[in-house]
Amino acid sequence: MTDLPEKTERKLGLVIDLDTCVGCHACVIACKGWNTENYGAPLADADAYGTDPVGAFLNRIHTFEVQPDPREDGSLPPAQMFHLPKSCLHCDDAPCVTVCPTGASYKRVEDGIVLVNETDCIGCGLCAWACPYGAREMDPAEKVMKKCTLCVDRIYNDNLPEADRQPACVRTCPAGARHFGDLADPDSAVSRLVEARGGMDLMPEQGTKPVNKYLPPRPRDAEIDVLAPYLAPVDEHPKGFLGWLDRALGKL
Amino acid sequence: MIAPDRTQPHVDTAPKVSDEIRKTTCYMCACRCGIDVHMKRGADGKLQVAYIEGNRDHPVNRGVLCAKGSAGIMQHLSPARLRAPLKRTGPRGSGQFEEISWEEAMETARGWLAPLREQAPEKLAFFTGRDQSQSFTSWWAQAFGTPNYAAHGGFCSVNMAAAGIYTMGGAFWEFGSPDWERTKLFMLFGVAEDHDSNPIKMGLGKLKARGAKVIGVNPIRTGYNAVSDEWVGITPGTDGLFILSLIHCLLKAGRIDLSYLARFTNAPVLVNGDPKSPDHGLLLTTDDGVHMVIDRRTGKPAPFDGEGVEPDLAGSLRRAGVSHRSVMQHIAERYLSDDYAPETTERLTGIPANTTRRIAADLARTAFDEAITLDRPWTDFRGHRHETMTGRPVSFHAMRGISAHSNGFQTCRALHLLQILLGAVETPGGMRFKPPYPKPATAHPKPHCRVTPGKPLDGPHLGFVQGPDDLCLTEDGSPARIDKAFSWENPMSAHGMMHMVISNAHAGDPYPIDTLFLYMANMAWNSSMNTAEVQRMLSDTDAGGDYVIPRIIVSDAYSSEMVAYADLVLPDTTYLERHDCISLLDRPISEPEAAADAIRWPVVEPERPGHAGVRGFQSTLLDLGHRLKLPGMTAADGSPVYSDYADYIQTHERRAGVGPLAGWRVGEAEGESTPATAGSGLRHGRGAPNGAQLDSYIRNGGFWTGHIPEEAAFYKPWNRAYQDWAVAIGLYDKPLPYVFSLWCEPLRRFQLAAEGQGRRQPPDHLRARIRATLDPLPIWYPPLQDGHADPVEFPLHALTQRPMAMYHSWGSQNAWLRQIHGMNPLYVPTGVWEANGFRTGDWARVTSQHGEITVPVAHMAALNPNTVWTWNAIGKRKGAWALDPEAPEAKKGFLLNHLIHELLPPKGDGLRWSNSDPVTGQAAWFDLRVKIEKVAAPRQTYPDTGTQRSPVPPAPQTVRRTTGAKE
Amino acid sequence: MHPAPSLILFTTLSGLGFGLLAFLGVGLPSVTGWIAAVFFAIGFVLAGGGLAFSAFHLGHPERALKAFTQWRSSWLSREAWAASGTLGLMALFAAALVLGGLRIAPLGWLGALACLATVGVTSMIYASLRTVPRWHHWSTTAMFLGYALCGGALLAGQRWPALVLLALTGLGQFLAWKAGDARFAAAGSTTGTATGLGHLGQVRLFEPPHTGGSYLTREMVFVVARKHATKLRSIALILAFLVPLALLLLPDFHHLGAALAVLSHTLGVLAARWLFFAEAEHVVGLYYNRSAA
Ligand SMILES: Nc1nc2c(c(=O)[nH]1)N[C@H]1C(S)=C(S)[C@@H](COP(=O)(O)OP(=O)(O)OC[C@H]3O[C@@H](n4cnc5c(=O)[nH]c(N)nc54)[C@H](O)[C@@H]3O)O[C@H]1N2
Ligand SMILES: Nc1nc2c(c(=O)[nH]1)N[C@H]1C(S)=C(S)[C@@H](COP(=O)(O)OP(=O)(O)OC[C@H]3O[C@@H](n4cnc5c(=O)[nH]c(N)nc54)[C@H](O)[C@@H]3O)O[C@H]1N2
Ligand code: SF4
Ligand code: SF4
Ligand code: SF4
Ligand code: SF4
Ligand code: SF4
Ligand SMILES: [Mo]
């Protein structure tokens, strides 16, 4: 199933708000927990209590520091910090799918979710090489490729209450920085959010056409707000405050 | 491209999720979120824990869950879990133990403690960590009769709690939170993670969704401060000055809420201004003790709560030759001074004057120009009905960044003063209390310390002193408690001073003890200052070769560093295997709109096949209490009163009708004010014990909530509807309206003593300090360490932060979490990085006046230029936590604690001052000053505290967790 | 990229093997009988052995046959077909030659072409990856072919072709390295594009998602020190090209010299292949602050 569908009926994906993500790793562990028990082999951890633990995770948080350029007067604005959660972006032009020699990797026609059929995977690792985003990890015990499933076993799961039919990472995110929906539908909440906040792609130059979008951070550390004048003193005289107080109380 | 006959593999998109969901409460931190524990039936037919997610109905977390919470399963399955009681066989610290039976363990403990109780109960020091059963453990300690009991608050955040309660009858976190739904401007001071972990994240998320502004005041820009719209990278220890500077700007512009101040605070109350009077600086009262104000209608003095009285904020009075001026006049006089002008404070705070001015203007504009009005009538305690509620949509939150400094108490007070001046406490959009708060300091007990051998203590250990008379001193004026809490050194140490126990016990100062009994605190490691030295004290011997601290009993669930120093280990269960109760008597899970409490229950049985097994500590303590024949635990016929903790939770009564849990008590439901359970013979709030109460909790998802009526949701300290509701639910026995204490009299009483007034007098060497620091109005003074360690030689502030995905020392045994934080570098700001010629991968020696450590460094630009920091408690002792002794935690992780001493460095006055806040005794973790220099990369971090033997078997290589069902 | 021994051995040995087989296919040297058998054996052992090493790279070698299914899009799948097809072709050719004493020349020519095609297809596994800009270039294929032909010529004892091929490939490798050094930057992926934060200023990784290693950091975020790389490049050039060239140019070139040339060349290719992987920066390194430069 190495071909990519020409078009998928829906484009399910995540919209992640870089203005809001506090970098708590909650989504990382919820994902690990859910996917250890569900789709495919459990996510293993090698040398789990040893000197060099390496486990499979489908979602990870990177933290980046940004140093803005000097201002006109030469002073340096304060550096900023952002958390970047990263899982599979379920690309429209997913190179990880086309390189797969076995057809284990495929993109679903109905919703665009990119999956690995673990029973077909030979663990060659090529798909991980083809992914620009580091969204695929080989399971250290099962030796098959692991990746975000967009919780395909939650979102349609009628064993779950309706409200819970969303990815584990979205459900758990305490800050509400993760949103799930159909990005092919311009009226969906996620599409509207992308529209309103200027949602962007990661590494667009790689030509992968990610479905997942990132909402850029709002401006930080706004320079002195000219609209907000400093507070004016009630009275220039040193003893004036009490006089003002008296007058002000009189008016209450 | 598409093959028309494209076939896709079949995916089961609707697998069965679990066989059963058991709802209980998370324990991975003190936030206490509700969890859904998904259970699957294994091959052996037993239910196993498969997956943990947040409980959507739970008042705390509404379904979300943090990393630690989701990883709780790995905590529950940790290879470091203890399996049986342990008796030490090697020297302390070696980790050599033999497993013993429970009977032997309990009899050993009884044998040690029974003689102490009969002869000298104070020789037992029983201290507990961040457990969630303090109302129970303190009750036990009281029955035993020792004055030496406290929980961990003294080294945690007592400044925050005490300043809040003394000032306004409640503090942040579990006592109060911002009105996330309505606030428009939110300022966060010194918070990395907080106890209220998930609610803060949820709150920030709400603000972000609305585009409300967040200002983060923190030397370090990570986490919450990273998402803040504006970052104020303040110099550590100077928040008080910054806040008072904001107050200066607001006062100067008259941008304060005058009617709020006049009606709800002691700002109009008259202060005695006669320096010779024994009441100098105290508030003027009527003969029956009611505070006096000037009534604007008459210009005459009147009781502040008198019928129709219009308190005059600017009032003054001359009476019997003594002039009295309102608190507000004192406030104006102090803070309008140029000492607090932004241009003056900017040098110390590092915050440019125009930033301070701009933020002050922002606060004023939002509070007053963007005020909100709720159409909700309410009636105040004076009987006055108001048609609306006026909101000041600015809110604040703060935690240890301001409280873990030696000026923290006053800094927290300053912040509360700022909130109150803006009228932003208990008003819509501001900060709101959570039941059982509001509750003024005067409504709390006072500390008790009178010991009678063979008898219980004369009252609860901890409380809120109102003046020197309430201190815990012996006849000769020396401290009555081993931690010296409530002594002249730290008179208002409301939570005790756990961080002083080991060094005081080792020094036999104020007296030697026999048995140190620790529960759930890693005092041989990350919760102690001066770790290596504490380890030495714990294993130090006297001339006769006996341990200086003769006996150590530890209750822990895991193979921690502390366990290695115990003589007797009483192994606890994990949090999924026992009953717990998160009680309104203690630290409940209430929200501003509701009182709430919760339980834990054994969603799995504690099984340790082939070993004596583990028991819930509270049940162990009840058993021990019964063996010691403690009152309340032993019936007249000698049988135990409570069979176990579950039984205690359901049947214990603290006051008539009030027990550990408020939900589903026996009694007829009555009235509108308590949420009713129609026709069931059960009621919420007050009621008789219910033997099936836990079942009701379990059926309800592990918690109970009692909603506050709409009319009572704001202005709680002054709101009649709230006061009546609180009485009905059992929080108060009678209505308790009060006004906020901008002028804090208890502080003034200590100052008066230091000035020579009164019967109880402080030692002379403390007089000046008490006068200077226990000011009844908020002040700022430099962190005490600055007066001891040369700021030129030690130019850098050194801090720690909580990593969101790790809980103190106990997270490292978690196979998932330790991959995120397996080591910790020291983060260094750009200037220092460049000056030292650091490169990626370099190491440095970091020296304080007290010690040195050698650690890896990393660069950070978004950092105060004079600050270095690291993640807290990642470093581990070799051999602990079932980790490989060569694990990165031990070789590339480190504790900053080695650099922090529980005493300040000597400064030539012959005294060793405690490294604590002089008011509350709060450990001043963040006062630390250091210098740093580059060194060649060593093999590992230093100091090396040796290797402990592991009482649990080596951990498995690979973790590949599956429930039986999946395999 | 992690220089996995299995992949270095796979590409090196199979390159040599298919190179030799290609020469044998066109009848250089035109051997028969047991000498042919030995030559072919060497060719098959190298090519087949190389493929066997590639199986060590698989998590599930027992499912290797599934790799034949996706030839329409996957170069790795195509390589499975190409390699096995070529080996089959050449086996027929060899069998006819060695056992039957019959040289089916068109089959040999076809086989030779297939050998080169196989090497080309192998190279495309790498060259097709946009994520590794250093590889994503026609020169990757050219170099794979050059190496295969050099090795084939040396193994086949074709002195003058070997001389020319070594000179050309050596020069080509030198140029390819130079050009490759600039390619990551030219591809335009930066920490700024990787995070979408580039418009705000200078972006730098502050904390990786985990303090330890992961599959990704082990597999794709391998870094080799520049000094180390320069040294290895020189060694590779000397061993792979200069030493064999010198040996070939020796006036009394004989078998020992040839064997030494092959040995030196092979060592050189191993070094070059190690660098091929070790120097290749994957764009995912941008998420770990391991960008080029
Ligand atoms: N440098 C520096 N040091 C600090 C701080 C800082 O900011 N900087 N912060 C301080 C503060 S605020 C605190 S609260 C302390 C916290 O420090 P500690 O209270 O020591 O916290 P933990 O490391 O979690 O240790 C708690 C102990 O409880 C055990 N435990 C875990 N679960 C259970 C259980 O279910 N039952 C029982 N019986 N035991 C259990 C653990 O194994 C561990 O030994 O650290 C303090 N130390
Ligand atoms: N994930 C996780 N959650 C926890 C815990 C944990 O270990 N892990 N521990 C729990 C416990 S016991 C506690 S006490 C709470 C504590 O929660 P927090 O109050 O968030 O405590 P810290 O992490 O110590 O963070 C202190 C913050 O104050 C800042 N700071 C230090 N000095 C100053 C200063 O002078 N001024 C200002 N403005 N800021 C300053 C530091 O940079 C840091 O960001 O967290 C609780 N929650
Ligand atoms: S993010 Fe990577 S793994 Fe996911 S579809 Fe895109 S290329 Fe494939
Ligand atoms: S690792 Fe598995 S999924 Fe990835 S390319 Fe190889 S066979 Fe396909
Ligand atoms: S959608 Fe599911 S699989 Fe993907 S990152 Fe989120 S939790 Fe993990
Ligand atoms: S759970 Fe939400 S806030 Fe936390 S790291 Fe993930 S996306 Fe960010
Ligand atoms: S914040 Fe996290 S660790 Fe703390 S109680 Fe909630 S889920 Fe558990
Ligand atoms: Mo704490």
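The values are calculated or read from the model by the stated rules, or taken from the named source; none is laboratory data. Keep in mind the model is a prediction, meaning the values are calculated, not measured. Every residue, glycine as well, gets a Cβ built from its backbone with ideal geometry; the counts of neighbours run over all protein chains shown. Heads up: the accessible areas ignore ligands, DNA and RNA and are worked out on the full protein's heavy atoms, side chains in. Shrake-Rupley method; radii C 1.70, N 1.55, O 1.52, S 1.80 Å.
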- Among the residues of region A:142-159, write down those that are open to solvent by 10 Å² or more (accessible area, probe 1.4 Å) and away from ligand 3 (no atom under 16 Å from the Cβ). A:142, A:143, A:155, A:156, A:158, A:159
- Tell me, please, whether a residue that is away from ligand 2 (no atom under 16 Å from the Cβ), without any contact (Cβ under 8 Å) to a residue 40 or more places away in the chain, in contact with a helix residue (DSSP H, G or I) (Cβ under 9 Å, 6 or more places away or on another chain) and not β-branched (Val, Ile, Thr) can be found in region B:19-36. no
- Task: Please state which of the following conditions residue B:589 fails to meet, knowing it meets all the rest: (1) under 26 Å from the mean Cα position of the chain (by Cα); (2) open to solvent by 10 Å² or more (accessible area, probe 1.4 Å).
- Result: (2)
- Message: Only one of A:28, A:54, A:66, A:99 is at the interface with chain C (Cβ under 7 Å from one of its Cβ atoms), under 28 Å from residue B:64 (Cα atoms) and modelled with pLDDT of 95 or more. Can you tell me which?
- Response: A:54
- Item | Yes/no for residue A:139 being open to solvent by 20 Å² or more (accessible area, probe 1.4 Å), closer than 24 Å to residue C:6 by Cβ and either at the interface with chain C (Cβ under 10 Å from one of its Cβ atoms) or within 16 Å of ligand 1 (Cβ to nearest atom) (or both) | no
- Which residue pairs have Cβ atoms under 8 Å apart, sit 6 or more places apart or on different chains, and have a first residue in region A:65-87 that is over 30 Å from residue C:216 (Cα atoms) and a second that is of a type outside the set (A, V, I, L, M, F, W, C) and buried (at least 24 other Cβ atoms within 10 Å of the Cβ)? A:78/B:221
- Item | Residue check for residue B:83: assigned to a loop (DSSP other than H, G, I, E, B), closer than 29 Å to residue B:954 by Cα and within 16 Å of ligand 2 (Cβ to nearest atom) | no
- Which numbered condition residue A:47 fails, given (1) over 30 Å from residue B:885 (Cα atoms); (2) away from ligand 5 (no atom under 16 Å from the Cβ); (3) surrounded by fewer than 24 Cβ atoms within 10 Å (Cβ to Cβ): (1)
- Which condition number does residue A:65 fail, the rest of (1) open to solvent by 10 Å² or more (accessible area, probe 1.4 Å); (2) away from ligand 4 (no atom under 16 Å from the Cβ) being met? (1)
- Item | residue B:630 being part of a loop (DSSP other than H, G, I, E, B), open to solvent by less than 10 Å² (accessible area, probe 1.4 Å) and not β-branched (Val, Ile, Thr) | yes
- Query: Failed condition for residue A:178, given (1) exposed (fewer than 14 other Cβ atoms within 10 Å of the Cβ); (2) modelled with pLDDT of 90 or more, with all others met?
  - Reply: (1)
- Query: Looking only at residues in region B:135-156 that are of a type in the set (Gly, Ala, Ser) and buried (at least 23 other Cβ atoms within 10 Å of the Cβ), which one is nearest to ligand 8 (Cβ to nearest atom)?
  - Reply: B:153
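Let's see how each residue does on (1) more than 30 Å from residue B:902 (Cβ to Cβ); (2) of a type in the set (Ser, Thr, Tyr); (3) out of contact with any Lys or Arg (no Cβ under 7 Å at 6 or more places or on another chain):
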{"position": "B:385", "(1), (2), (3)": "yes, no, yes"}
{"position": "B:389", "(1), (2), (3)": "yes, no, no"}
{"position": "B:397", "(1), (2), (3)": "no, no, yes"}
{"position": "B:405", "(1), (2), (3)": "no, no, yes"}
{"position": "B:409", "(1), (2), (3)": "no, no, yes"}
{"position": "B:414", "(1), (2), (3)": "no, no, yes"}
{"position": "B:420", "(1), (2), (3)": "yes, no, yes"}
{"position": "B:425", "(1), (2), (3)": "yes, no, yes"}
{"position": "B:428", "(1), (2), (3)": "yes, no, no"}
- Query: Scanning for something among the hydrophobic types (A, V, I, L, M, F, W, C), within 14 Å of chain A (Cβ to nearest Cβ) and open to solvent by 20 Å² or more (accessible area, probe 1.4 Å), does region C:89-110 turn up at least one residue?
  - Reply: no
- Item | Yes/no for residue B:229 being more than 30 Å from residue B:34 (Cβ to Cβ), without any contact (Cβ under 8 Å) to a residue 24 or more places away in the chain and open to solvent by 10 Å² or more (accessible area, probe 1.4 Å) | yes
- Message: Looking for something assigned to a loop (DSSP other than H, G, I, E, B), in contact with a strand residue (DSSP E or B) (Cβ under 6 Å, 6 or more places away or on another chain) and either at positive phi or open to solvent by 10 Å² or more (accessible area, probe 1.4 Å) (or both) - is there at least one such residue anywhere in region B:241-261?
- Response: no
- Conditions (1) free of Cβ contacts under 8 Å to residues at least 12 places away in the same chain; (2) at positive phi: number failed by residue B:350: (1)
- Considering region C:38-96, residues that are outside any helix (DSSP H, G or I) and among the small types (Gly, Ala, Ser), and then whichever is farthest from ligand 4 (Cβ to nearest atom), we arrive at C:73
- Item | Residues satisfying the stated conditions in region B:49-71, i.e. small (Gly, Ala, Ser) and either surrounded by fewer than 24 Cβ atoms within 10 Å (Cβ to Cβ) or assigned to a strand (DSSP E or B) (or both) | B:50, B:54, B:63
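Conditions (1) open to solvent by less than 10 Å² (accessible area, probe 1.4 Å); (2) under 22 Å from the mean Cα position of the chain (by Cα); (3) under 23 Å from residue B:623 (Cβ atoms); (4) not basic (Lys, Arg), marked per residue:
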| residue | (1), (2), (3), (4) |
| --- | --- |
| B:462 | no, yes, no, yes |
| B:507 | no, no, no, yes |
| B:512 | no, no, no, yes |
| B:518 | yes, yes, yes, yes |
| B:541 | no, no, no, yes |
| B:557 | no, yes, yes, yes |
| B:563 | yes, no, yes, yes |
| B:573 | yes, no, yes, yes |
- Note on the structure: Selection over region B:872-891 where residues are touching a strand residue (DSSP E or B) at 6+ places or on another chain (Cβ under 6 Å) and either without any contact (Cβ under 8 Å) to a residue 40 or more places away in the chain or farther than 17 Å from residue B:528 by Cβ (or both) yields a count of 4
- Message: Show me the strands (runs of 3 or more DSSP E) entirely contained within region B:847-940 in which 2 or more residues are within 24 Å of residue B:485 (Cβ to Cβ) and either within 29 Å of the chain's Cα centre (by Cα) or away from chain A (no Cβ under 14 Å) (or both).
- Response: none
- Query: Going by the structure shown, is residue B:18 more than 16 Å from ligand 1 (Cβ to nearest atom), open to solvent by 10 Å² or more (accessible area, probe 1.4 Å) and either within 11 Å of another protein chain (Cβ to nearest Cβ) or aliphatic (A, V, I, L, M) (or both)?
  - Reply: yes
- Query: residue B:807 versus (1) among the aromatic types (Phe, Trp, Tyr); (2) surrounded by fewer than 23 Cβ atoms within 10 Å (Cβ to Cβ); (3) touching a helix residue (DSSP H, G or I) at 6+ places or on another chain (Cβ under 7 Å): which is the lone unmet condition?
  - Reply: (2)
- Per the list (1) surrounded by fewer than 24 Cβ atoms within 10 Å (Cβ to Cβ); (2) within 16 Å of ligand 3 (Cβ to nearest atom), residue check on residue A:19 breaks on (2)
